């Protein structure tokens, strides 16, 4: 029998939901308090190590306050505390490293602008940075150990009952089975008409009965699960209304799982304007705070890159000027965030020439238009360095889908499905497609489709850790590729 009755199912053995919620809240509070204590404590310890006293002088107290304020801002913008259980320990430590590093980068900017950089004790700050990073990392490791212990006792695990089993619900169940660190468990599901067919195998949730059996189940298992997830067709609200009316007397949290199959969704999310809820079907980065964090990341990385590369930029500019007559920089209209056009900067690598109106010809191997010095710039990707100024200006990001010429965009948007989804984020100097070897000429439609797939995958998976990974891979792989002519 595929769908058993409620009486046939053994009652799930679980601690009360209230205790599970209290355990999760205690861990969240412990993480915040640990950081709150570690940051000033490591400042005092570093001061004692270098100066032999715990009390800083007046100028050092200003430094202390500025760093603390920077940390508050960065840790609030970055998702350091939000959904930390859902991340792996390595991802959590990477995010901490990014937020803590940006904290000191912001203080460095303040020190330069306030003209106090010369009086800042560098040894103290460096010791504070390292010791604070070690202390907060240690807090996270200890909390992970405690988290595993609590989950083995059922304290930090949310238990979920499904009503209906459409494709998104089954996908969620498989995700939770494969990632127990998410701390959620599907107890089983109640069958409704229109559910997808599932076999009795390890991937299918346990059947708890028909929809009519749901009220009796809720009555028999009060406090033994945390949430009810409803997976019903979106076209007709009547079944959902009838189901909610049946369970009116049970104060259990209910969540809807919308079936967006076939809508070409991109980072779907739930929003509310006033008291009106909305489901976001297509958007860029999922949270506004993520966009703020990415902008801070861009300013720090691009600012440091420009300062460090100024001598090289001057040498390359001289090389371009001597290689052939014409301007040092090449400007070309590209589509950016939201499809808005901007002027992208590159070191000029070709001899000055004129294209036919509305036509852009991609560079090919042994292209006669490319100068000798330009060929070197293109092979090494050094021609892209002026785009750090685009990043500082806000039209580009360090990491994102590569911007294509306006004429190419106008062509490919008509022949490649979801091509314009790339413009839900800012274009980047380097990207997920480029570190997979997809750069330079695109001789056929298949090559461009593959690029677009990687670009959309990047938007869906974005995280600070992924950006760092792409930047490192760019330095190791892209700079030595031979695919750009």
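Laboratory data are not the source of any read-out in this text; all were calculated from the coordinates shown. Keep in mind that what you see is a predicted model, and the values were worked out from it rather than measured. Note: ideal-geometry Cβ built from the backbone for every residue, glycine included; neighbour counts use all protein chains shown.
Results, tabulated for the structure shown:
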{"quantity": "Ranked 343, 94, criterion: other C-beta atoms within 10 Å, fewest first", "calculated": "343, 94"}
{"quantity": "Radius, Kirkwood style, for segment 236-343 when every pair of distinct Cα atoms is counted (Å)", "calculated": "20.0 Å"}
{"quantity": "Inter-label distance, nm, simple model (7 Å from Cα along the C-beta direction), residue 177/residue 476", "calculated": "3.4 nm"}
{"quantity": "Calculated log₁₀ intensity ratio I(q)/I(0) where the Debye formula runs over C-alpha points of segment 104-144, q = 0.16, 0.21 Å⁻¹", "calculated": "-0.52, -0.69"}
{"quantity": "Ranked list, fewest to most other Cβ atoms within 10 Å of each Cβ, for 447, 380", "calculated": "447, 380"}
{"quantity": "Additional length obtainable on full extension of the chain from residue 203 to residue 242, 0.36 nm per residue less Cα span", "calculated": "11.1 nm"}
{"quantity": "Simple spin-label estimate for residue 41 and residue 252 in nanometres, 7 Å along Cα-Cβ", "calculated": "4.2 nm"}
{"quantity": "Scattering profile of segment 157-259 at q = 0.14, 0.15, 0.21 Å⁻¹ [log10 I(q)/I(0), Debye over alpha-carbon scatterers]", "calculated": "-0.49, -0.57, -1.16"}
{"quantity": "Förster radius 45 Å - calculated FRET efficiency between residue 28 and residue 414, Cβ distance, rounded to 0.05", "calculated": "0.40"}
{"quantity": "Whole-number D in µm² s⁻¹ for segment 288-480, Kirkwood Cα-pair radius fed into Stokes-Einstein, 4 °C, 1.567 mPa s", "calculated": "75 µm²/s"}
{"quantity": "Inter-part distance where segment 302-329 and segment 413-428 are each reduced to a Cα centre, Å", "calculated": "31 Å"}
{"quantity": "Extension gain (nm, one decimal) between residue 372 and residue 450, 0.36 nm per residue minus Cα-Cα", "calculated": "25.0 nm"}
